[in-house]
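The values are calculated or read from the model by the stated rules, or taken from the named source; none is laboratory data. All figures in this text were calculated on a predicted structure; none of them were measured in a lab. Cβ placement follows ideal geometry from the backbone for every residue including glycine, while neighbour counts extend to all protein chains displayed.
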Amino acid sequence: MKKETIVISINKKNIKFDILKINNKDRGKLRMIFRLWFRLSNLLRNFGSRGVNIPEGLTESLFCLEMGSVRVIKSYGTKGSFDTIDLKTNKRQQIKASSSYGPTTFGPSSFWDPDELYWMDFFRNGKIDGTFDIYKIPDKYVYKSSVNKEERLSDQQAQKRRPRIGFKKVIIDENKLEPIKKNCQI
């Protein structure tokens, strides 16, 4: 992994970013992080606790390895919260991941360029086995998704709330979306 500071043009504005470039040499460390996370979650469940959410540093780094993007550590002079950038297109990407059928949350300032939302499924076929699928989620399915009986994701974001959506059921299954990458190995 290599830390860099870069400046890229987005919407005719030069923006500075601190980034991490992840490479295949990092895969062994990512496997170790995965195993430690998995073990900690299982130990906590033995004590009647909820498992730990899968760490974003792990999921976003794995996404970068699979898709060729870079992780954003810090951005200067731009609003919103996004996770990675595709340096070939300068598109800002939002990465969500799940290791259960539970809901995924969005921050009130979550942001991504149009149709640059991705969901990583680490609970393939109802189990965690060190593999994952990557889905590209069209915006039309996200913003129209109901987070409760009366509100959509965009309604709650406008109220500065953290909307929660069950991605697998509400977005993937209901819209019959297929992964853009299947059976990726950690």
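Odds and ends about this structure:
- Considering (1) over 16 Å from the mean Cα position of the chain (by Cα); (2) more than 20 Å from LYS181 (Cα to Cα), the lone condition that THR105 does not fulfil carries the number (1).
- Flag for ILE85 being part of a strand (DSSP E or B), at negative phi, modelled with pLDDT of 95 or more and among the β-branched types (Val, Ile, Thr): yes
- Only one entry in ARG152, ARG161 is surrounded by fewer than 18 Cβ atoms within 10 Å (Cβ to Cβ), touching a strand residue (DSSP E or B) at 6+ places or on another chain (Cβ under 7 Å) and either over 27 Å from LYS21 (Cα atoms) or not aromatic (Phe, Trp, Tyr) (or both), namely ARG152.
- Residue count for segment 93-122 under the criterion of being among the hydroxyl-bearing types (Ser, Thr, Tyr) and part of a loop (DSSP other than H, G, I, E, B): the result is 4.
- Filter pass, ASN125 being in a loop (DSSP other than H, G, I, E, B), over 21 Å from GLY57 (Cα atoms), free of Cβ contacts under 8 Å to residues at least 40 places away in the same chain and not aliphatic (A, V, I, L, M): no
- Subset of segment 114-128 (residues that are buried (at least 19 other Cβ atoms within 10 Å of the Cβ) and closer than 19 Å to LYS79 by Cβ): GLU116, LEU117
- Applying the condition of being within 13 Å of ASP133 (Cβ to Cβ), of a type outside the set (D, E, K, R) and over 16 Å from the mean Cα position of the chain (by Cα) to segment 164-186 and asking which residue is surrounded by the fewest Cβ atoms within 10 Å (Cβ to Cβ) yields ASN183.
- Once segment 129-147 is narrowed to residues that are among the β-branched types (Val, Ile, Thr) and crowded, with 18+ Cβ neighbours inside 10 Å, the residue that is modelled with the highest pLDDT is ILE134.
- One residue stands out in segment 128-143 among those that are aromatic (Phe, Trp, Tyr) and in contact (Cβ under 8 Å) with a residue 40 or more places away in the chain: the one that is nearest to SER41 (Cα to Cα), namely PHE132.
- Qualifying residue in segment 43-63 (condition: part of a strand (DSSP E or B), loosely packed, with under 12 Cβ neighbours inside 10 Å and modelled with pLDDT under 95): no
- Given (1) more than 15 Å from GLY130 (Cα to Cα); (2) of a type outside the set (Ser, Thr, Tyr); (3) outside any strand (DSSP E or B), number of the condition ILE33 does not satisfy: (1)
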